[in-house]
Every structure is written in structure tokens, then in C-alpha cells.
Amino acid sequence: MKSRKTSWSRKPFPTVDVVIEVDQEDGRPGIVLIERKNPPFGWALPGGFVDYGESLEKAAVREAKEETSLDIELLEQLHTYSDPGRDPRFHTITTVYIARARGRPRAQDDAKNIGVFTIEDRPHPLAFDHEKILEDYLRKKRGKSGIR
């Protein structure tokens with residue numbers, strides 16, 4: 001077996017993303033998306049980098065609060081996504097959580113804008129691999145297995 005020598009600077013970065021379920025003003029169920037203030041630009045799920053010494057769950061709660069001002073309750077872990085091309089800046093591995101929140105989100109931190117959208121009326125395309133993540137989320141909500 002061939003030995004792989006990798007420098008510490010070439011390791012993937014751990015990140016988290018959160019599908020935040022919240023009711024729209026008209027009572028319809030929605031999800032929170034942020035418009036990114038920094039490159040890569042576009043609409044995305046709230047999320048970010050895990051700090052050293054921080055659990056994935058604490059990072060998800062912190063990032064959601066920093067970007068949306070919402071206090072969230074993590075419901076479950078959706079999946080971990082590791083495609084080396086998922087982030088155009090560098091190799092990241094994200095663990096995605098499904099969470100619930102109440103109240104109205106406010107754009108903060110890295111969020112230029114924020115919105116609560118139904119799955120059908122969300123902006124397209126989303127940044128990173130967030131279209132794929134939301135497809136998997138929707139499949140799970142509809143009770144179908146087989147997250148890719």
C-alpha cells in the first residue's frame with residue numbers, strides 16, 4: 001500500500017451548514033437563506049467554519065445565530081458532504097443539520113441579505129453545493145431514503 005504524505009496545510013477545513021425551518025409571515029413553512037456578503041457570492045444556507053475546540057453542534061448553533069440572529073434548536077443531522085470541489089476557495093467538509101427556529105431572521109455577520117423561502121420559491125442557483133443539500137433535505141422530508 002502506498003503511503004500518502006500530506007502536509008497539515010493541505011487538510012480539508014471542517015464546516016457546518018444549517019437548514020433552518022421557520023414559518024413565513026403568512027404561516028407557510030419556509031427555510032432561511034442568506035445572501036453572502038463575501039465571495040463566493042450568492043444565496044446559501046447559513047453556516048461556516050468550525051472553531052478549534054468546538055463541536056459541530058455548537059458551531060452550527062453559533063453560525064446560525066451569527067448570520068441570522070435566530071436561536072435554533074437542532075433537530076437532526078442531515079448528512080456530511082465532502083466533495084473536494086464543493087467550495088471554490090478550498091477543500092471543505094460540511095456537516096449539515098436540520099433545525100427549527102421561531103421569530104424573524106435578521107441578516108448579520110457574513111450575511112448581506114436574508115430571506116425565508118419555500119423550497120419552491122427559493123433563489124436559484126445557490127452557492128456551493130447547497131442545491132444538492134436542499135434536494136436531499138426535501139427527499140428526506142418527503143420520506144424517501146437514499147441521500148446521495
(request) Among the strands (runs of 3 or more DSSP E) lying completely within segment 46-148, list those that include at least 2 residues that are in contact with a helix residue (DSSP H, G or I) (Cβ under 9 Å, 6 or more places away or on another chain) and of a type outside the set (A, V, I, L, M). (result) 47-49, 72-81, 92-101
(message) List pairs: first residue in segment 123-137 and closer than 12 Å to residue 35 by Cα, second residue among the aromatic types (Phe, Trp, Tyr) anywhere in the structure, Cβ distance under 8 angstrom, at least six positions apart or on different chains.
(response) 123/43; 123/117; 126/43; 127/41; 127/43
(message) Testing residue 86 on (1) modelled with pLDDT of 95 or more; (2) of a type in the set (Lys, Arg); (3) loosely packed, with under 14 Cβ neighbours inside 10 Å, one condition comes back false. Which one is that?
(response) (3)
(message) If residue 120 meets every condition in (1) surrounded by 13 or more Cβ atoms within 10 Å (Cβ to Cβ); (2) farther than 13 Å from residue 20 by Cα apart from one, which number is that one?
(response) (1)
(message) Quick check on my filter: what residues within segment 53-83 are of a type outside the set (Ser, Thr, Tyr), open to solvent by 20 Å² or more (accessible area, probe 1.4 Å) and in contact with a strand residue (DSSP E or B) (Cβ under 7 Å, 6 or more places away or on another chain)?
(response) 56, 57, 61, 71, 72, 73, 74, 75, 76, 77, 79
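Every residue, every condition in (1) in contact with an Asp or Glu (Cβ under 6 Å, 6 or more places away or on another chain); (2) closer than 26 Å to residue 26 by Cα; (3) among the small types (Gly, Ala, Ser), yes or no:
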site	(1), (2), (3)
73	no, yes, no
84	no, no, no
88	no, no, no
97	no, yes, no
100	yes, yes, no
120	no, yes, no
123	no, yes, no
(request) Kindly provide the set of residues from segment 3-40 that are at pLDDT 95 or above and either in a helix (DSSP H, G or I) or open to solvent by 40 Å² or more (accessible area, probe 1.4 Å) (or both), ordered by number. (result) 12, 13, 14, 35
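The values are calculated or read from the model by the stated rules, or taken from the named source; none is laboratory data. What you see is a predicted model, and the numbers here were worked out from it, not measured in a lab. Cβ coordinates were reconstructed from backbone atoms using ideal geometry, including for glycine residues, and neighbour counts include every protein chain displayed. Heads up: the accessible areas ignore ligands, DNA and RNA and are worked out on the full protein's heavy atoms, side chains in. Shrake-Rupley method; radii C 1.70, N 1.55, O 1.52, S 1.80 Å.
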